[in-house]
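Heads up, the thing below is written out as structure tokens.
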Amino acid sequence: MNDQYVIGVDYGTDSVRSILVNAANGTEIAAAVFYYPRWKNGMYCNASLNQFRQHPLDYVEGLEHTIKSCLQQAGPEIAAKVKAISVDTTGSTPVAVDSTGTPLAMLPEFQENPNAMFVLWKDHTGTGEAAEINEHAKKFDINYLQFVGGIYSSEWFWAKLLHILRVDSEVAVATHSWVEHCDWVPFLLSGGTDATQMKRGVCSAGHKALWSADFNGLPPDEFFTSLDPLLKGFTQKLFTDTHTADESVGHLSQAWADKLGLSTEVVIGVGAFDAHMGAVGGQIEAYHLSKVMGTSTCDMLVAPMNEVEGKLIKGICGQVPGSVIPGMMGMEAGQSAFGDAYAWFKNILAWPLQKLLPKSAIIDADTATKLIEEATNNIIAELSKQASLIPLEENSELAVDWLNGRRTPDANQLLKGALSGLNLGTDAPRIFRAIAEATCFGAKAIVDRFNEEGIPVKGLIGIGGVAKKSPFIMQMMADIMDMPIRIHKSEQTCALGAAMFAATAAGIYSKVEEAMIAMGQGFDAEYFPDKTKVEIYRKRFDKYKALGAFIEKGF
């Protein structure tokens, strides 16, 4: 194959990263990262209310910056051979748009209104609306929640839409449609000007918006109108057809071609969620749980359609034909807080540094800033080192990992985290160890649910920042799961998966499995369970479940 190049764009929670890849072999030619400036400054968010919003300009500026940077690194000769761009994003991260498909926050009258911005995946302001959807669904003969594990989450499409419509009448009046981030960016790149013509990916539609071929699309208008008249007519404003990520939405618009220095012949692929494309970049296999481990986790599993036909998996984030790999059933689960749990504890420990050092009479302000940055950057690494030295005991400190609610199994975003078994000998490494262990127990609960529901988990694949950076947590994961876990070599599996889909959408490969074989980077680490610890962890997992049940009953 002659050298042909594609670009994968990966929108994460804190930043967007783009990579330029040789489609012939997956070699990364260039990479660039852009941290969202408004998000970094905490704008439009209120953690105490579980409100997390992102301004579309953070996304647009990051898109332009990272792609331009990649092209500058690669040089004009390679830039001339770029064939396609595909995008993945967090999700469900929807936004209100006008009839042209423009997010309302990009209009002057709404530019500072958080309700007109993208509602980030971890925004839980719609917990009340999610509860209403779950109760409302019981009134219908057809179970419209059957393909999303039977429970609708406040992290998803309809709960967020209903919440925004209720709390902001001006945004409600101006809202022509409701669009996922992963569907909007390809629409933007291809020069879309009509929201009704936007191609929606089956990934976001099936896992978050209740779309199913069994329903001939979305649930009927009656389902939503009888929930709240504010939703009347929204199904007609949205979509009926969906598309898999190996398809194209069109070509790069002239405006974006001029802006980036690319040709209008560049193909733009259908978008999908980061974990779904990340699973492909991480070379997912049938019945192997691909764990994208970052601020949260998204756990993807694929299986041949004929082997899972008729099976409905209780309490997961959905099962959608073609959502991960076209032609296979894609199943999603995950944890609402994973890396976020470690970051929360780090921030608690860093609080005295951040509040007291700037006021110090002993050191100057510049030195204080440098000390705070150095110490904060090293907290997790030192905690991991010290925690690894603590002997494993059945009755030591125990935690529950629901610091941002529970995603799966059995979504409940109102749940809270917990620490128990504390005494005067409990120190920071012991608390950190309990938190890390709890996140691994949360992961085991997901594996157990798949197994209990007749979907055997035959292997584990770890991808993402935590998988690459924390041998301590990965070894604990293997011990608790009593299964080996392979760590994918690529630092950018989500962006690489997007690049694989771009190569497929451009026709370089006839199906994404071929792109996975040709462009996959393989694995560079594997953790095996320490059999001397498995039984103790099993007993502690039982205690974790008992503590979780107590917390759930209390809340």
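Observations
- Net length gained if the chain between Ser226 and Val60 were fully extended (0.36 nm per residue, minus Cα distance): 56.1 nm
- Inter-probe distance in nm under a simple model that places probes 7 Å from Cα toward Cβ, at Glu394 and Gln146: 4.5
- DSSP beta bridges confined to the chain are antiparallel in about 70 percent of cases.
- With the cut-off at under 17 Å, measuring from each backbone N in the range 336-362 to a point 7 Å along the Cα-to-Cβ line of Asp14 picks out 337-351, 354.
- In a reduced charge model with +1 at each Lys and Arg Cβ and -1 at each Asp and Glu Cβ, the chain shows a dipole moment near 1020 debye about its Cα centre.
- Here, the chain yields an orientationally averaged convex hull projection of 25.9 nm² when only Cα atoms define the hull.
- Label point distance in nm, Phe555-Ala375, each placed 7 Å from Cα along Cα→Cβ: 3.0
- Local net charge near Met477, Cβ-Cβ under 11 Å (Lys/Arg +1, Asp/Glu -1): -1
- Prolate/oblate/rounded call for the range 174-299, Cα gyration tensor, a/c under 1.5 rounded: oblate
- Rounded if a/c under 1.5, otherwise prolate or oblate - the range 1-87, Cα gyration tensor axes: prolate
- Here the peptides 114-127, 69-82 are ranked by packing, the mean other Cβ count within 10 Å, and the order with the highest first is 114-127, 69-82.
- Cα-based Kirkwood hydrodynamic radius, the range 253-298, one decimal, Å: 13.2
- Note on Asp98 and Asp364: their simple-model spin labels are 5.1 nm apart, each label 7 Å out from Cα toward Cβ.
- Taking the inverse of the mean 1/r over every pair of distinct Cα atoms in the range 458-555 gives a Kirkwood hydrodynamic radius of 15.9 Å.
- Highest mean packing comes first when the peptides 319-325, 60-66, 409-415 are listed by Cβ atoms within 10 Å, giving 319-325, 409-415, 60-66.
- Which of Val202, Pro219, Gly192, positive extreme of dipole for the range 187-262 (C-beta unit charges): Gly192
- Look at the dipole of the chain built from charges on Cβ: of Ala47, Ile431, Ala275, the Cα furthest out on the positive end belongs to Ile431.
- Positive-end residue, the range 78-164 charge dipole about Cα centroid, Cβ charges, pick of Gly150, His136, Ala79: Ala79
- The chain, relative contact order [Cα under 8 Å, separation at least 6], %: 16
- Protection proxy ranking, highest mean first, for peptides 36-43, 2-9, 331-338: 331-338, 2-9, 36-43, where packing is the per-residue count of other beta-carbon atoms within 10 Å, averaged.
Read-outs throughout are calculated quantities, based only on the coordinates presented, and are distinct from any laboratory measurement. The structure presented is a predicted model; accordingly, all values stated were derived computationally and were not measured. Virtual Cβ from ideal backbone geometry, glycine too; neighbours counted across all protein chains shown.
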